[in-house]
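Shown next, in structure tokens, is the structure this report addresses.
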Amino acid sequence: MKLLEERIISEGKALNGEVLKVDGFINHQVDAELMKEIGKDIAAHFSGRGITKIVTIESSGIAPALMTALEMDLPMIILKKAPSKVLNENLAHTVVTSYTKGTSYDLTLNRDFMSENDHVLIIDDFLANGEAATGALRLLRSVHATIAGISVLIEKSFQPGRSKIESQGIEVYSLARIARLDKDIVEFKA
Ligand code: 5GP
């Protein structure tokens, strides 16, 4: 998506060969107009596929997921990283280990909002090693939902996320694919 690539070039900051900061329009301050265009693009790509729900992982996937949900006239479900303090026995639960950050976190889904009748599109901000996306897939499969695909705003194509997801038979649709990062350098995949 040209609009997103241009924004990454003008406002993104490559810290090193691994990390791209996009705090000014995705991760901290959110550009609502850009999210609206992203929602339209993702909705057009996945239209006519029988999708019943949009699923995202809190927190940076929420804005593009909501815009896509609005465009497709579907509900959006947030996979929560911290379980609700209010006792809820109907939670599906998995643990995601982030090798990049060296941490683990819980991912939970209230079964009231998902069933085997659901066909789901997952949306997140970044795809790097594919750990978050794989955790989301595990959780959705545990409640027998089927998966239409995964859409991310920014894929770091030099990391193994895409192949990890595709090897499970799931389509990955990325709006910007980065072939190489280095300090202050961003190169897109041709
Ligand atoms: P993965 O599980 O695919 O390794 O990483 C996915 C999550 O890590 C994303 O949802 C995002 O929050 C975070 N992440 C991974 N790489 C980057 C990056 O280069 N920049 C930013 N801002 N977040 C990243």
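Below, the figures for the structure above:
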quantity	calculated
Qualifying residues in segment 169-185 (those that are open to solvent by 60 Å² or more (accessible area, probe 1.4 Å) and in a loop (DSSP other than H, G, I, E, B)) - the one farthest from the ligand (Cβ to nearest atom)	G169
First in segment 13-26 and assigned to a loop (DSSP other than H, G, I, E, B), second anywhere and near the ligand (Cβ under 7 Å from one of its atoms), Cβ under 7 Å, 6 or more apart	L15/K21
Some residue of segment 133-140 being out of contact with any Leu (no Cβ under 8 Å at 6 or more places or on another chain), touching a residue at least 40 places away in the same chain (Cβ under 8 Å) and open to solvent by 20 Å² or more (accessible area, probe 1.4 Å)	yes
Given (1) within 22 Å of K156 (Cβ to Cβ); (2) modelled with pLDDT under 95; (3) in contact with a helix residue (DSSP H, G or I) (Cβ under 9 Å, 6 or more places away or on another chain), number of the condition L20 does not satisfy	(2)
Sole exception among (1) open to solvent by 40 Å² or more (accessible area, probe 1.4 Å); (2) in contact with an Asp or Glu (Cβ under 7 Å, 6 or more places away or on another chain) for G24, by number	(1)
Selection within segment 44-55 - open to solvent by less than 10 Å² (accessible area, probe 1.4 Å) and not in a loop (DSSP other than H, G, I, E, B)	I54, V55
Residue that is least open to solvent (accessible area, probe 1.4 Å), among those in segment 27-43 that are part of a loop (DSSP other than H, G, I, E, B) and not polar (S, T, N, Q)	D31
Residue within segment 109-130 that is surrounded by fewer than 20 Cβ atoms within 10 Å (Cβ to Cβ) and under 20 Å from I26 (Cβ atoms) present	yes
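Okay, residues lined up against (1) out of contact with any Phe, Trp or Tyr (no Cβ under 7 Å at 6 or more places or on another chain); (2) at pLDDT 95 or above:
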position: V86; (1), (2): yes, no
position: L91; (1), (2): yes, no
position: T103; (1), (2): yes, no
position: D106; (1), (2): yes, no
position: M114; (1), (2): yes, yes
position: L121; (1), (2): no, yes
position: A128; (1), (2): yes, yes
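The values are calculated or read from the model by the stated rules, or taken from the named source; none is laboratory data. Quick caveat: nothing in here was measured; it's all calculated off a predicted structure. Glycine also receives a Cβ, built like all others from the backbone with ideal geometry; neighbour counts cover every protein chain displayed. Surface accessibility is based on the protein's heavy atoms, side chains included, excluding ligands, DNA and RNA. Shrake-Rupley method; radii C 1.70, N 1.55, O 1.52, S 1.80 Å.
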